[in-house]
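Data block below; observations after.
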Amino acid sequence: MPGHPNHDRADRILDAASELLVRWGSRKVTIDDVARRAGIGKGTVYLHWRTKDALFEALLTRAAADLLDRTVARLRADPAEAVPHRYLRGMFLDVVGDPLLSAMLTNDADLLGRYSDAAFETRTAGVAATDGTFEVFVRNGLLRADVPDLTYAVSAASIGFYLQQNTDAARPGLTAEDRADAMARVVQAAFEPPGEPDPAAVEAAATELRSVSEAYVSACRAVIYTGESATAPG
């Protein structure tokens, strides 16, 4: 678990790998580079992950887990974050504020290189693990049940706001907050029932969403740290 010395060291290695990946792209980053940036020996990196592939896959998995950790924190602070347009708005700001998450979401092959396949698999696993999110929304009356292919429709509408930044250079004045607000308005107007949601339904949805996300994060954390040696020196 985080807080264990070896977990702390593993996170330091992953932090270094993330910084170098975003700066140089995966093709140029070596284990030597990561070790130097983390301030440890190359052999210590291998005590955690035996290959560069394993290291970068752990990095992508951690990014997905961190995203849901932040989502859970928002839900705990304010259950109203379970209302779909607010839930998706918060996630949007988390993703666009993190270069690695943005690269994973947009499948940026220049940055991720051959790890774009692993990013896709990680993203797909996350979607599968949280696919019940939309069921939670509908079951609690937070999304309209009469929209055909609802999950696809909401996802397609949302993803456009992530991708538009790469094509719409004519609107440099829009901040991330502006874009998040625009997406939230579209989701609310097109997919949520009119009127204020039932507070009890919102509370119930928040509880369910926390449970789903926490289960996925726990599974991710178990995978991230499986390669470490409990007796390795620091």
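What does the extension gain come out to for A145 and A222, with contour length at 0.36 nm per residue minus their alpha carbon separation? Don't skip to the answer; put the middle values down first.
Numbers: separation 77, 0.36 × 77 = 27.72 nm, distance 3.57 nm.
So the chain would gain 24.1 nm between A145 and A222.
Within a 10 angstrom radius of the beta carbon, how do R185, R9, R221 rank from fewest other beta carbons to most?
Ordered by Cβ neighbours within 10 Å, fewest first: R185, R221, R9.
Here, each number is a calculation from the coordinates, and none is a lab measurement. Keep in mind that this is a model prediction, so the values were computed, not measured. Positions of Cβ are backbone-derived with ideal geometry, glycine not excepted, and every protein chain shown enters the neighbour counts.
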